[in-house]
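I have placed the structure first, in the form of structure tokens, so that the comments after it can refer back to it.
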């Protein structure tokens, strides 16, 4: 019986920054807050990251329950298998997104019991009042997951917000059509506000929303400035830590807590840089995490890289912000908060378009890699193919091939496993690949010597 | 005289190579089995016996392969790609690309003029991309693994497999046997399927001549010909392709031993 399985023990990952070490308790408190909200009868929304509705939900005092986060927690605690198996027994294919499978398995189990599954990680995931899906970034689970969850919680309504952005074409300027996209997104967000008011009984506080939009802008700027500090040699913080510090970015946006967290991290990194304190004592190789969600149960692999003198000053994953003052539009002049959110969204996803158009054969995703390679003095790229995550999988190899063709041949490594499903992972194999990659980095660095 | 050893504990076979004065003086190959530590001792002892030496005569031992951590008498472990590159370079100094078909993975790598790997790809975690694919079908056809190559060359009507998956290929082979297909035609089809996998990896990495083929898969002449046909080039293959990683490990051990001696 799946109910009797116990999680495997996992050694806690050592972080380089004090700020990253605080994330675990913060997430635990976040989960506890959702459970407390359930007890107090506050409205709870199942939510996805990067869906534009952070400020909206918070301005209406609705408590977000981040379902991808909870699946990731189960994975990180190596306690996801029983929920995956539960979803499989409900008829869902194991090849679907394992975040979704984990969440669906959990929901099915919780609803069957009428209480949390036994020993649910960190107390469990509370039953929601509404579910806010999205069709953004081609991620089909974001559109279908909550619809499937309605098998178990049929009384909980779903709103799937459409968040498109202009597609990239090398021979036209996306600005010709950007207004249409913004208009569409604003309508979607107005529909969301109406949906939330109808189903939760909460009224939108528009002044509060404007305040939170401003706070989010300032937080984006601060995050960007803080992460840019990692350009320093030696780099004071790596991707292993960034897989922790993503929490305030994607789960706590539009809160003072997120802003304060990055203020503190910014100060810590400045202090480390002033003292020439790197992530590792002897920095030999600077790597970029160039794509793919991490294997949450294997974050110790970052420490293994570190043990070889390899650091990750930059990553594309979860770096879902830019400094808004870098955009070609002054967001502060947009008075409607929903329009403000929509413009920020479109400008983020089109940020690399102009650069890509200037380099024949390039693409925004590749251009981003090139900029990071140069800004952060990168020696090699590591990517992760999580078998159940098609969204991130698609295009990784293409990006590396394109990079080689239009820019230069840079050593690369593609790791294989999953985000949650530990059965896809083999530590010995992974580390053998890392060892070989380090050897090739050394050979390339010492070329001609 | 400095004696050195390289020990490669692979997922299917383990190998030990003893060298002196940059020459192989003995080697041993044996199935890895389920106890890597014991296998490491046995395969090394086998090679040492052939060389009329004992472990205390060896100045430096480097381990590599899947079970490298299970060689307690080694001074250090080195990645299999690095050892393979060094071994290929020793055997074929002009090689700049190499393919290793092992029991668990297929590896494709580029190497520089000093025998250092500069880029590599490993097959995905799937038996269809490795020597395991051959083992599965050999069992179905009740043929000794070593006879597959010669037999496949007799094919006149190659069976095209509809799948690249070892599990599905096994059932497809059974279906073809039931239909009356000849064993050699099934084997030729199998080689073609494996060669297509290798071709995709080589094309992704980019081939640079000369190209070598090593690992247990290189003992299968039918597979060698099939890959040559796919890549449209002649492949360099050693007489004993299974020991290349152990050979590279021994060469690296030699460098380490020489450095120690020079520092004294």
What's the center-to-center distance, using Cα atoms, between the range A:88-140 and the range B:185-262 in Å?
46
Which FRET efficiency, nearest 0.05, do residue A:323 and residue A:447 yield, Cβ-Cβ r, R0 45 Å?
0.80
Given the -39500 (n - 2.57) contribution per DSSP H run of 4+ residues, what per-residue ellipticity at 222 nm results for chain A, rounded to the nearest 500 deg cm²/dmol?
-15500 deg cm²/dmol
Whole angstrom only: what separates the Cα centroid of the range B:29-73 from the Cα centroid of the range A:350-390?
45
Round to a whole angstrom and tell me the spacing of the C-alpha centers of the range A:217-265 and the range A:153-200.
27
Net lengthening on full extension, residue A:404/residue A:32 (0.36 nm per residue, minus Cα-Cα):
129.2 nm
Relative contact order in percent for chain A (Cα pairs under 8 Å, 6+ apart) equals 18
Per-peptide average of other Cβ atoms within 10 Å, ordering A:85-92, B:140-147 highest first:
A:85-92, B:140-147
In chain B the DSSP beta bridges are antiparallel at a rate, in percent to nearest 5, of 65
In nm, spacing of pseudo-spin labels at residue B:174 and residue A:371 (7 Å Cα→C-beta vector)
5.6
Nearest 5 percent is fine: what portion of the DSSP beta bridges confined to the range B:93-237 is antiparallel?
60
GNM result for chain B, Cα springs below 10 Å: residue of B:37, B:107, B:116 fluctuating most strongly
B:37
Rounded tilt (10° steps) of B:131-141 against the dominant C-alpha axis of chain B
50
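Any read-out appearing in this document is the output of simple, stated calculations on the displayed coordinates, not a laboratory observation. A quick note: this is a predicted structure, and the numbers were derived from the prediction, not measured. Reconstructed Cβ throughout: ideal geometry from the backbone, glycine too, with neighbour counts over all protein chains shown.
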